[in-house]
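Undergrad: Structure incoming, see below.
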Amino acid sequence: MNRPLCIYKTRTGKVLIGRTDGIYDATEGKQVALDVLRNQAIHSITQTSQGKLVVGTSNKICVINNNKIESETTPVYETKSTTFQLTGEKPIRNIVADDYGRIWFTSYPHENLYLLENGKLYDVFDILDIPPSLINCVFKDNQQNLWLGTYSDGVYYIQNPFFHSITFSYNNKNLNIHQVFLADNLLVAATSNGLYGLNLSNNQTQILSKPDETFLEP
């Protein structure tokens, strides 16, 4: 009863199979169990642009680096499902990692698309005012856009540009931006509390001056 639940081919050509008791490497034609995430059901596997594995289990999203768990996230859903499993599990499937550090996925009963970014979870269908629909597959193209195949509503196309809007936050609140300056690939922003920089080559943000923890002054 050790059923195969998903299959994924990595950038280096490895063939990984997610089964009800862990991840197996089937590259050489014989399935060999990996030590990481043993005895856990693996419902989906993908890979980041840095080569890390992103794995969807029965309830968690795990990031694996060099065969070790780097992080685990248990999504907390605001929208309550009308259906449930007696075990309480919410298998995570159709998982996709884009080049901007975002993780897209579906969770049981797989009628909504979710986005995990910087530890925060977004219900994409709710934001875009799309009614719940059974999602069979999610495909990411070379421009990082998403294509969703549904059971009865056809195909949805989700545009995914990183530079739709750029925000800088402190204590989970977006800061006012008073002035910006571009030097080569570095975007510098003078905010209501500190100086921030964004590397346009890798989309990484860095604080250039320490924020004031007492007074929020420009």
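Undergrad: How much mean residue ellipticity at 222 nm does the chain get from its helices, if each DSSP H run of length 4 or more adds -39500 (n - 2.57) and you divide by all residues, to the nearest 500 deg cm²/dmol? Intermediate values should be presented prior to the final figure.
TA: Values: 1 runs with 4 residues, N = 218.
That calculation yields -500 deg cm²/dmol at 222 nm.
Undergrad: Give me the one-decimal nm value for the distance between modelled label points at GLN143 and ASP35, 7 Å along each residue's Cα-to-Cβ direction.
TA: 4.5 nm
Undergrad: Probe radius 1.4 Å, ligands and nucleic acids ignored: give me the carbon and sulfur share of the accessible area of the chain as a rounded percent.
TA: On the way: 6630 of 13630 Å².
Exposed carbon and sulfur together represent 49 percent of the surface.
Undergrad: With a point put 7 Å past each Cα toward its Cβ, work out how far LYS210 is from GLN50 in nm, to one decimal.
TA: 2.6 nm
Undergrad: Continuing with the same structure: Using Cα springs under 10 Å in a Gaussian network model of the chain, which residue among THR191, THR73, THR57 shows the largest mean-square fluctuation?
TA: Between THR191, THR73, THR57, it is THR191 that shows the largest mean-square fluctuation.
Undergrad: If you don't mind, another one. Given an 8 Å cut-off on Cα distances and at least 6 residues of separation, report the relative contact order of the chain as a percent. The partial results should precede the final answer.
TA: On the way: 440 pairs, mean separation 17.8, N = 218.
Relative contact order here is 8 percent.
Undergrad: Mean projection of the alpha-carbon convex hull of the chain over all orientations, in nm²? List each step's numbers first, then the result.
TA: Values: hull surface 60.6 nm².
With every direction weighted equally, the projected area is 15.1 nm².
Undergrad: Between ARG11 and GLN179, what is the label-point separation in nm under the 7 Å Cα-to-beta-carbon projection?
TA: Inter-label distance under the simple model: 3.9 nm.
Undergrad: Further question: Let me know the charge dipole size of the chain about its Cα centre in debye, to the nearest 20, where only the beta-carbon of Lys, Arg (+1) and Asp, Glu (-1) is charged.
TA: The dipole of the chain has a size of about 720 debye.
Undergrad: Right, next: Identify which of SER169, SER71, SER58 has the largest mean-square fluctuation in a Gaussian network model of the chain, with springs joining Cα atoms closer than 10 Å.
TA: Between SER169, SER71, SER58, it is SER169 that shows the largest mean-square fluctuation.
Undergrad: Count charges around PRO131 for me, please; just the other residues with Cβ under 11 Å from its Cβ, Lys/Arg as +1, Asp/Glu as -1. Mind dumping the intermediate values first?
TA: Values: positive: none; negative: GLU111, ASP126, ASP129, ASP153.
With Lys, Arg at +1 and Asp, Glu at -1, the net is -4.
Undergrad: Turning to a different aspect of this structure: Between LYS68 and LEU186, what's the calculated FRET efficiency when r is the beta-carbon distance and R0 is 22 Å? Round to 0.05. Mind dumping the intermediate values first?
TA: Details: r = 33 Å, r/R0 = 1.48.
Rounded to the nearest 0.05, the efficiency is 0.10.
The values are calculated or read from the model by the stated rules, or taken from the named source; none is laboratory data. Treat the numbers as computed from the prediction; the structure is a model and nothing was measured. As a convention, Cβ positions derive from the backbone with ideal geometry for all residues, glycine included, and neighbour counts pool all protein chains shown. Accessible surface is based on the protein model in full, side chains and every heavy atom, while ligands, DNA and RNA are left aside. Shrake-Rupley method; radii C 1.70, N 1.55, O 1.52, S 1.80 Å.
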